[in-house]
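Take a look at the structure below.
The values are calculated or read from the model by the stated rules, or taken from the named source; none is laboratory data. If you're wondering where the values come from, they're calculated on a predicted model, not measured in any experiment. Here the Cβ positions follow ideal geometry from the backbone for every residue, glycine too, while neighbour counts run over all protein chains shown.
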Amino acid sequence: MEVTDANFEAEVLGSEVPVIVDFWAPWCRPCKAIEPVLGEIARDANGTVKLVRMNVDEQLGVPSRYGVLSLPTVILFAAGEPRETLVGPQSRRRYEAAFAPYLVA
């Protein structure tokens, strides 16, 4: 799901489950490389997490608010707050380790 500055509060901050936000841009090759990894993590979590993407070329407010300066940046939000931030492409193991405390059912 693609989120925008306009629906970020409802879709991410107001979510009942933790949300992984993938800040990306169409020209970013590492962003494209991690997309399937994040998708697998979200699928394997069986509804205990939501995955959304935000195109930083089209949305400027939210990335600025959360200090997104490099791509890819992935932030996990839980209870409306940023809890984990990973900058640059990471291994699946690294993402899973960072997100594990928030994916407990």
Inset, instruction - Among the numbered conditions (1) surrounded by fewer than 14 Cβ atoms within 10 Å (Cβ to Cβ); (2) in contact with a Lys or Arg (Cβ under 8 Å, 6 or more places away or on another chain), tell me where LEU69 comes up short. - result: (2)
Legend entry - Within the stretch 17-35, considering residues that are surrounded by fewer than 18 Cβ atoms within 10 Å (Cβ to Cβ) and aliphatic (A, V, I, L, M), the one nearest to GLU84 (Cα to Cα): VAL17
Inset, instruction - Say whether the condition of being closer than 20 Å to THR4 by Cα and surrounded by fewer than 17 Cβ atoms within 10 Å (Cβ to Cβ) is met by at least one residue in the stretch 36-47. - result: yes
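Which of the following residues is in a strand (DSSP E or B) and within 14 Å of the chain's Cα centre (by Cα): VAL62, VAL68, VAL74? Can you show your working first?
Numbers: VAL62 fails: in a strand (DSSP E or B); VAL68 fails: in a strand (DSSP E or B).
Unique residue meeting the criteria: VAL74.
Tell me yes or no: at least one residue of the stretch 49-57 is among the hydrophobic types (A, V, I, L, M, F, W, C) and either over 27 Å from VAL104 (Cβ atoms) or in a helix (DSSP H, G or I) (or both). Break it down stepwise before answering.
Quick first cut of the stretch 49-57, residues among the hydrophobic types (A, V, I, L, M, F, W, C) only: 49, 51-52, 54, 56.
Adding the requirement that they be either over 27 Å from VAL104 (Cβ atoms) or in a helix (DSSP H, G or I) (or both) leaves 56.
Within the stretch 49-57, one or more residues are among the hydrophobic types (A, V, I, L, M, F, W, C) and either over 27 Å from VAL104 (Cβ atoms) or in a helix (DSSP H, G or I) (or both).
Report yes if TYR66 is over 13 Å from TRP24 (Cα atoms), aromatic (Phe, Trp, Tyr) and modelled with pLDDT under 95, otherwise no. Give the derivation first.
On the way: over 13 Å from TRP24 (Cα atoms): yes; aromatic (Phe, Trp, Tyr): yes; modelled with pLDDT under 95: no.
Considered against the rule, which asks whether it is over 13 Å from TRP24 (Cα atoms), aromatic (Phe, Trp, Tyr) and modelled with pLDDT under 95, TYR66 comes out as no.
With respect to GLU2, is the statement that it is charged (D, E, K, R) and surrounded by 14 or more Cβ atoms within 10 Å (Cβ to Cβ) true?
On the way: charged (D, E, K, R): yes; surrounded by 14 or more Cβ atoms within 10 Å (Cβ to Cβ): no.
No, not satisfied.
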Inset, instruction - State whether one or more residues within the stretch 22-45 are touching a residue at least 24 places away in the same chain (Cβ under 8 Å), assigned to a loop (DSSP other than H, G, I, E, B) and under 25 Å from VAL104 (Cα atoms). - result: yes
Legend entry - Residues of the stretch 1-16 satisfying the condition of being within 18 Å of GLU81 (Cβ to Cβ) and either among the hydrophobic types (A, V, I, L, M, F, W, C) or part of a helix (DSSP H, G or I) (or both): VAL3, PHE8, GLU9, ALA10, GLU11, VAL12, LEU13
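Can you tell me how many residues in the stretch 77-98 are part of a loop (DSSP other than H, G, I, E, B) and surrounded by 14 or more Cβ atoms within 10 Å (Cβ to Cβ)?
Filtering the stretch 77-98 down to residues part of a loop (DSSP other than H, G, I, E, B) leaves 79-80, 88-91.
Now restrict to residues that are surrounded by 14 or more Cβ atoms within 10 Å (Cβ to Cβ): 89-90.
Adding up the residues that qualify gives 2.
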Legend entry - Residues that are of a type in the set (A, V, I, L, M, F, W, C) and surrounded by 15 or more Cβ atoms within 10 Å (Cβ to Cβ), drawn from the stretch 5-16: PHE8, VAL12
Legend entry - Among the residues listed as ARG65, ARG83, the single one being basic (Lys, Arg) and without any contact (Cβ under 8 Å) to a residue 24 or more places away in the chain: ARG65
